[in-house]
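Read the structure below first, then the notes.
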Amino acid sequence: MLPITTYPGQDISFVDALFTSTSAVCVTGLIVQDTATYFTPVGQGVILILFQMGGLGIMAFSTLVLLVAGKKISIQDKIIIQQDYHHTAAKNVKSLVKNVFIYAIAIESVGTLILYLNWHSKFTDLKGLFYSLFHAISAFCNAGFSVFSDNLVTFRDDIGTNVTIMVLIVLGGLGFLVLSESVDFLGGILRRQGKKMSLHSKMVWIMSLSLILLPFLSFLWIEWSRSMQGFTVREKILSSLFQVITPRTAGFNTMDLGSLHPAAIFMLISLMFIGASPGSTGGGVKTSTFGVIFAFIRSRIAARESINIFYRTLSLNLVTKAFTVVVLSMSVIFVSCGVLFLTQSGMSMEETFFEVFSAFGTVGLSLGLTAKLNAVGKVVIVFTMFIGRIGPLTFLYAFSREKAFGKYEYVEENVMIG
């Protein structure tokens, strides 16, 4: 809200400042004011710092500060860090946090360099460097913020920009554990040493690739002669691939979403709901959650009591957790939609559901509803973004009892299902 962060005559209100800050730190990308024309370079820098912190995790930044200051990390904080970035107990939290920042800085630096080399002829050196840094960090953190008023529509046929942004989005959405294991796996192949990936990494890679390839072909088929009728073949391929990768919590766009067919919009909503992977910079209910649910359904169809995938057995507790996440997420989404229907006027159901799914999945895509929201609507989206980023299970645990009251069980009885 400092005057230096906005241009003269454009004082930002408290609600809009709260909305922008939440959208940045929750790496969502929904905006109520144009980032390019409303905020000064200082304001854009504040937004950049917020989505960098939000993308890598507040706990990781806090731990880094403690390590630099030479302070000790509590056992409880170590456990939280391990659960955020590792599927098993990590041996060394200091090494884990250090690796998170090394991977992030390395990938963002390479992305900045490639974008700068691609854009240096369009902008002055200092402006081009800032724009490249801003978009590289925004893409890797799956934030979706852009310093261009039309987002990335101008670069629709630019192969270098499209490929760089898409790769950054995918790498940021895989999760730091998967990135680390993938690097070790490739290194083992080059050194001709046997390296195995964990079940988590295998599931994330399979789900991620499936959620890119199948939606890409579907989007291309649906929109080929509709919204992309005037596009060249290259633009059609790049736009289709870009628009199915970006809903995985990134929020960039290279075409007008309002011109899409309802079937394509429904597919984007589904991708926004699934989102990225655990321990990543993205949101959503996570790819591994749907992988566990898929394994459960497949086992039931095959009449198996155990839940198997990749020659491994999943615990029933893991399946229960996956279904709980999905149910809680849908509950939050429907409550938010209900409040918006009651407090906003002139909104279509398609716009509202798209907006709320985008907020919960920390995506940032919109059909134009964000700018029309009143103060109550903005607060609803703020809470939706917040819960979507920290996760519905975390939000539930924060208000639940630490221990069950009393140890007893009632007589078991059945009810009809389905």
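What to note about this one:
- Just so you know, the Cα atoms of the chain work out to an Rg and Dmax of 21.9, 75 Å.
- Amide H contacts of I309: L314, each under 5 Å away and 5 or more positions distant or on a separate chain (H built 1.01 Å from N in the peptide plane; Pro and chain starts excluded).
- Options T246, V356, A322, ranked by Cα towards positive dipole end of the chain, top entry (Cβ charges): A322
- Pairs exceeding a 27 Å alpha-carbon distance, out of K98/K378; K321/K372; K196/K286; K122/K286: K98/K378; K321/K372; K122/K286.
- For the chain, built as a Gaussian network whose Cα springs stay under 10 Å, the top-fluctuating residue of L48, L186, L314: L186
- Using θ = phi - 60° and Karplus 6.51 cos²θ - 1.76 cosθ + 1.60, couplings along the stretch 314-323 (whole Hz; Gly, Pro as x): 9, 6, 5, 5, 5, 5, 4, 5, 5, 5
- Selection from I189, I4, L220 lying farthest towards where the dipole of the stretch 3-399 points positive, charges on Cβ: I189
- In terms of the mean number of neighbouring beta-carbon atoms within 10 Å, the peptides 17-29, 103-115 order highest first as 17-29, 103-115.
- Extension gain (nm, one decimal) between Q193 and R226, 0.36 nm per residue minus Cα-Cα: 6.9 nm
- Inter-probe distance in nm under a simple model that places probes 7 Å from Cα toward Cβ, at S95 and F383: 4.4
- Placing pseudo-labels 7 Å out from each Cα toward the beta carbon at S13 and F148 gives an inter-label distance of 3.1 nm.
- Based on Cα contacts under 8 Å between residues 6+ apart, the stretch 265-418 shows a relative contact order of 22 percent.
- With all pairs of separate Cα atoms included, the stretch 257-414 yields a Kirkwood hydrodynamic radius of 17.6 Å.
- Over the stretch 3-399, Cα pairs under 8 Å with separation of 6+ residues give a relative contact order of 20 percent.
- 3J(HN,Hα) along the stretch 50-55, derived from phi through the Karplus expression 6.51 cos²θ - 1.76 cosθ + 1.60 where θ = phi - 60°, amounts to 5, 7, 5, 5, x, x Hz, with x in place of Gly and Pro.
- For the pair I159 and A371, label points projected 7 Å from Cα toward Cβ lie 3.4 nm apart.
- For the listed peptides 298-309, 193-204, 221-232, a ranking on the average number of other beta carbons within 10 Å per residue, highest first, reads 193-204, 221-232, 298-309.
- Karplus-based coupling profile of the stretch 280-287, in residue order and whole Hz: 9, 8, x, x, x, 7, 5, 5, with θ = phi - 60° in 6.51 cos²θ - 1.76 cosθ + 1.60 and x standing for Gly or Pro.
- Two-site FRET efficiency, H261 against I297, from Cβ-Cβ distance with R₀ of 22 Å, rounded to 0.05: 0.15
- Among the trypsin sites (Lys or Arg not before Pro) found in the stretch 317-418, those both in a DSSP coil and sparsely packed, with 16 or fewer other Cβ atoms within 10 Å of their Cβ, are R401, K403, K407.
- Taking amide H as placed 1.01 Å from N in the peptide plane, H261 has its amide H under 5 Å from the amide H of S227, each at least 5 places away in sequence or on another chain.
- Environment charge of M207, counting only residues whose C-beta is closer than 11 Å and scoring Lys/Arg +1, Asp/Glu -1: +3
- Computed from point charges on the beta carbon alone (+1 for Lys and Arg, -1 for Asp and Glu), the dipole magnitude for the chain about its Cα centre is near 1520 Debye.
- Cβ-derived FRET efficiency at R0 25 Å, T343 paired with K407, nearest 0.05: 0.05
- Take the Cα of Y311, go 7 Å toward its beta carbon, and the backbone nitrogen atoms of the stretch 173-204 under 16 Å from that spot belong to 194-200, 202-203.
Just so you know, all these numbers are worked out from the coordinates, no wet-lab data involved. This one's a predicted model, so the numbers in the text were calculated from it and none came from an experiment. Positions of Cβ are backbone-derived with ideal geometry, glycine not excepted, and every protein chain shown enters the neighbour counts.
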